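Encoded as C-alpha cells, the structure appears first; notes follow it.
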Amino acid sequence: MPLKMTRHNGRSGKNGTFNPKHNDRRFDIANSDHIDQDRAKQNVYWDCYQGFHFPADQEQEDKIVYSFEQVERTYYLEHYLDYCEGQHERNRQTGHSSRDRTPEDLLKDKKTCPEESLIQIGTMEQSVPPDVLAQIAMEFFEEFERRFGEHIHILDWSLHLDESTPHIHERHVFDCENRYGEVAPQQEKALEALGFDLPNPDQKPGKLNNRKMTFDAACRAMLFDICERHGLHLDHEPEYGGRKYLEKQDYILMKQKEKIAVQDQTISAKEAELQAITVRIEDTEAFVEEVSEVAYEKAVEVVTDKVVEETHNADFDIVMHHGKKVVGDPALSPEKKKFANQIFGNLLQTFSGMTQAISTKLKQIFREPERKDEAKEPIRRSIRELLARNKAEVDAANAARRAEQDQTRKKKQQNMDR
C-alpha cells in the first residue's frame with residue numbers, strides 16, 4: 001500500500017503566529033497527553049546558528065543551548081535591523097514615526113514572520129522509520145538551500161519522535177532587497193526574484209493564483225523525487241491536512257470557497273481595468289511627499305528662470321536705450337563714441353552678473369524650510385484629493401462587484417439547498 005507524503009505550511013492560527021517553542025519542546029511536556037516524555041529524549045533539533053543539538057544538551061548545566069525562539073529573534077535582528085532603521089528615517093521625514101517597527105515586530109507579524117512547514121511520510125498505522133525520514137529531510141533541506149537559499153532561509157527544524165507519527169517541523173523566512181537596497185522579509189518579491197511565475201500568468205494574482213502555489217508545488221515535487229530515490233512507494237494524490245493548519249471544518253469551508261471562486265472566473269472588464277490601474281504603495285504619505293517635492297522643485301526652476309529672464313530683459317532694454325541715445329548724438333567725436341560704447345558694454349556685463357546673483361538669491365529664498373513647506377502644502381493637498389477620488393472609485397466598484405458576487409452565491413446556495 002502506498003504511503004502518504006505531506007508537507008503542510010502555515011504562519012498563524014487562532015492564537016496568533018506559531019511559536020517555535022513547541023518545536024524545540026521549550027515548555028512543560030508533562031502537561032501534554034499527546035507527547036511521550038521518554039521518546040522525547042530521542043528528538044533531533046537543528047538551527048542556523050548552533051547546528052545539531054539534542055534534548056540531552058539542554059539538560060547539561062555547563063552547556064548553553066539557545067532556544068529556537070532566541071535563534072529566530074537573533075536572525076531577524078542581524079538581517080532586518082537596517083531595513084527597520086531605514087524605514088524609521090523615512091517615517092520621520094514624512095511625520096509618521098508611529099508606523100515604526102522593530103525586528104521583533106516583524107517576527108510577530110503574520111505577514112513577515114517565519115513560515116512553518118510540517119513534513120510527514122505515512123500515518124499512525126504505517127510510516128517510514130525515523131532514520132529514513134531524517135535522511136530524506138536532510139537531503140531535502142540541502143537541495144532547498146542550493147536552489148532557494150539566496151532568498152529563502154531555513155532558520156530551524158526539529159524531528160519529533162515523541163508523538164503518534166514521526167514528523168518534522170521546519171521554519172524558514174523569505175526575504176529580498178527593497179527599492180532602497182535594504183533586505184526585508186517579503187514573500188512575493190523573494191519568489192519573483194527566484195524566478196517563480198504565477199500558475200496562470202494570464203490571470204490576475206490572487207488566493208488561487210500566486211507564486212507561493214508554484215513554489216509549494218516545486219517543493220512537493222522535490223520531496224517526491226527524494227522519497228522515490230530511497231525506494232519509497234508514495235501516493236501522489238494530495239491528502240487532507242490543512243495547508244495552513246486549518247481545522248477540518250475550516251478546510252471544508254475553504255474547499256467550498258475555492259469551488260465558488262472557480263465558478264466565478266468571469267471577471268468584468270471594469271474590474272480588470274481597475275486592478276490594472278490601482279497602484280499599491282507601502283506608504284501613501286511618503287508617495288505624496290516625493291511627488292510634491294518633485295513638483296515644487298520644478299516650480300522653483302520655472303519661476304526663477306522667468307524672473308531672471310524678465311529682469312535680464314528689462315536691464316538690457318534700459319542700457320541699450322540709453323546707449324543708443326548717447327552714441328547717436330552727432331555732437332560726439334568718434335573717440336568719445338568709442339569710449340561711450342565701452343562704458344555701455346561694461347554696464348551690460350555688470351547687469352548680466354546681477355541677474356545670476358538674483359537667480360541664486362531667489363533659489364535660496366525658495367528653499368527656506370518655512371517657505372518651502374508653505375508652498376508645497378497646496379501640491380500635497382491636490383495629490384491627496386486625487387488619490388482619494390481614485391480610491392473612492394475603486395472602493396465603489398469593488399463594493400458593487402462584491403454585492404453582485406454575494407447575490408450570485410446566495411442564488412447558488414439556494415439551488416444547492418433545493
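Where a number appears in this text, it was derived from the coordinates with a stated rule and is not lab data. Owing to the predicted nature of the structure, the values given are computational and were not obtained by experimental measurement. Positions of Cβ are backbone-derived with ideal geometry, glycine not excepted, and every protein chain shown enters the neighbour counts.
What to note about this one:
- P(r) tail fraction, the stretch 139-233 - alpha-carbon pairs more than 16 Å apart, %: 65 percent
- Sites listed here are trypsin sites (Lys or Arg not before Pro) in the stretch 135-230 whose DSSP assignment is loop and whose Cβ has at most 13 other Cβ atoms within 10 Å: 179, 207.
- The 3J(HN,Hα) values that the Karplus relation (6.51, -1.76, 1.60; θ = phi - 60°) gives for the stretch 130-137 are, in residue order, x, 5, 5, 4, 5, 5, 4, 5 Hz. Gly and Pro appear as x.
- With kT/(6 pi eta Rh) evaluated at 37 °C and eta = 0.692 mPa s, and Rh the Kirkwood radius from Cα pairs, the stretch 1-158 diffuses with a coefficient of 181 µm²/s according to Stokes-Einstein.
- If R0 is 25 Å, the Cβ-Cβ spacing of residue 54 and residue 138 corresponds to a FRET efficiency of close to 0.95.
- The phi-based Karplus calculation (6.51 cos²θ - 1.76 cosθ + 1.60; θ = phi - 60°) puts the 3J(HN,Hα) values of the stretch 190-196 at 5, 5, 5, 5, 7, x, 7 Hz, whole numbers, x for Gly and Pro.
- The residue among 60, 120, 79 whose Cα reaches farthest toward the positive pole of the charge dipole of the stretch 38-141, with charges on the beta-carbon of Lys, Arg, Asp and Glu, is 79.
- Semi-axis lengths (Å, descending) of the ellipsoid that matches the C-alpha gyration tensor of the stretch 3-264: 30, 26, 18
- In this structure, the residue pairs whose Cα-Cα separation is over 19 Å, taken from 14/212; 14/204; 14/189; 110/212; 108/212; 108/207, are 14/212; 14/204; 14/189; 108/212; 108/207.
- Amide H contacts under 5 Å for residue 12, placed H, 5+ residues apart: 18
- Computed from backbone phi with θ = phi - 60° and the Karplus coefficients 6.51, -1.76 and 1.60, the 3J(HN,Hα) list for the stretch 11-27 is 10, 8, x, 5, 9, x, 5, 5, 9, x, 5, 5, 6, 9, 6, 8, 7 Hz; x is used for glycine and proline.
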